[in-house]
1. Tell me, please, whether a residue that is under 27 Å from residue 130 (Cα atoms), part of a helix (DSSP H, G or I) and in contact with a Leu (Cβ under 6 Å, 6 or more places away or on another chain) can be found in the stretch 244-259.
2. Identify the residue in the stretch 207-259 that is exposed (fewer than 15 other Cβ atoms within 10 Å of the Cβ), of a type in the set (A, V, I, L, M) and in contact with a Ser or Thr (Cβ under 9 Å, 6 or more places away or on another chain) and, among all such residues, is modelled with the lowest pLDDT.
3. Can we say residue 236 is out of contact with any strand residue (DSSP E or B) (no Cβ under 9 Å at 6 or more places or on another chain) and part of a loop (DSSP other than H, G, I, E, B)?
4. Among what's in the stretch 109-121 and is crowded, with 17+ Cβ neighbours inside 10 Å, of a type outside the set (S, T, N, Q) and modelled with pLDDT of 75 or more, pick the residue that is nearest to residue 170 (Cα to Cα).
5. Look through the stretch 61-98, keep the residues that are of a type in the set (Phe, Trp, Tyr) and assigned to a helix (DSSP H, G or I), and return whichever of them is farthest from residue 130 (Cα to Cα).
6. Can you pull out the residues in the stretch 99-121 that are of a type in the set (A, V, I, L, M, F, W, C) and either under 14 Å from residue 51 (Cα atoms) or in a helix (DSSP H, G or I) (or both)?
7. Which residues, taken from the stretch 172-206, are surrounded by fewer than 16 Cβ atoms within 10 Å (Cβ to Cβ) and farther than 22 Å from residue 142 by Cβ?
Amino acid sequence: MKLHGGTKLQQLVISFIKRILFLIILFMNIAFAHLSFAQTVINSDRGWDFAGEKQPKYLTLLNMGKENLDAGCSGRLDFLYENYAKLYPEFRPLMNDENLQKQWRKSLILNGSDNIQSFNLCLFLELSKQWKDAINIKDSDKLLFCGVKANNLSKEDSKIADIIEELTYYAIKGQTGAIRIMLDTDPKYDRVRLNDDVRYYLQLLFDELTPKQGELRDIVQKYLTPSAGDNLPNADRKFVKDAFKKKDFSLILKNTNPC
């Protein structure tokens, strides 16, 4: 009888321990599920990281199929972007996000070790065409961009200004094709009129990055004269030069006049 009672007690203890273990495992699974969900939300908020192995490589994407050569710069950009989504299928659900598209372009243009400068210029010209076409069909005389976006823009005008802002970003990163396009805007397009301090900084950068002699110098000189620095007070001209020595364009943007 004692043995039977002991066995019954042991069974009760074992059953109790099993229930405790079950509850512990259940709690851990619930906690892990919440943690995984939270991590998913965090990753979703972060969007997509184009650094490291996920950085778009121009030649890799270009060789992933047959390109429609008649589609021009815009078609080539779409072709490369679609191939990137093929390379990383998990990116496809995110590819319509305009901010991610812009990040992808920036990574492709500025960080691609196998990139080709002629394609960069192709993209810059395409972006330039987009905002000029949009301005030409838009019945408005509101200034959109002066180095920074103007305030209180409509949704459509803000999108146009975003394109110009992206071109300026490439210019400041040393892409001479983008600098040339930005310096060529003011006289023809009154809705894009660079402030003198912004224009002067870009002129200094263009002068530094381009040949000082030879056949190309005449072309370069066209964008350097007249110098926007001549329109600035001495103190402001010195401020731009000091910012340029530091390669700190953000100082100019913080201090330039609003549009």
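The values are calculated or read from the model by the stated rules, or taken from the named source; none is laboratory data. Keep in mind the model is a prediction, meaning the values are calculated, not measured. Quick reminder, even Gly has a Cβ in these numbers, built from the backbone with ideal geometry, and neighbours come from all protein chains shown.
1. Taking every residue of the stretch 244-259 in turn, none turns out to be under 27 Å from residue 130 (Cα atoms), part of a helix (DSSP H, G or I) and in contact with a Leu (Cβ under 6 Å, 6 or more places away or on another chain).
2. Of everything passing the filter in the stretch 207-259, 216 is modelled with the lowest pLDDT.
3. Details: out of contact with any strand residue (DSSP E or B) (no Cβ under 9 Å at 6 or more places or on another chain): yes; part of a loop (DSSP other than H, G, I, E, B): no.
Spelling it out, it is not the case that residue 236 is out of contact with any strand residue (DSSP E or B) (no Cβ under 9 Å at 6 or more places or on another chain) and part of a loop (DSSP other than H, G, I, E, B).
4. Checked the stretch 109-121; the qualifying residue nearest to residue 170 (Cα to Cα) is 109.
5. Kept after step one, since they are of a type in the set (Phe, Trp, Tyr), are these residues of the stretch 61-98: 79, 81, 84, 88, 91.
Cutting the leftovers down to assigned to a helix (DSSP H, G or I) gives us 79, 81, 84, 91.
On the way: 79: 18, 81: 18, 84: 23, 91: 26 Å.
In this case the residue turns out to be 91.
6. Within the stretch 99-121, the subset of a type in the set (A, V, I, L, M, F, W, C) is 100, 104, 108-110, 116, 119, 121.
Once the filter is applied, which keeps residues that are of a type in the set (A, V, I, L, M, F, W, C) and either under 14 Å from residue 51 (Cα atoms) or in a helix (DSSP H, G or I) (or both), the stretch 99-121 yields 100, 104, 108, 109, 110, 119, 121.
7. Going through the stretch 172-206, the residues surrounded by fewer than 16 Cβ atoms within 10 Å (Cβ to Cβ) turn out to be 173-174, 184, 186-188, 190.
Selection gives 173, 174.
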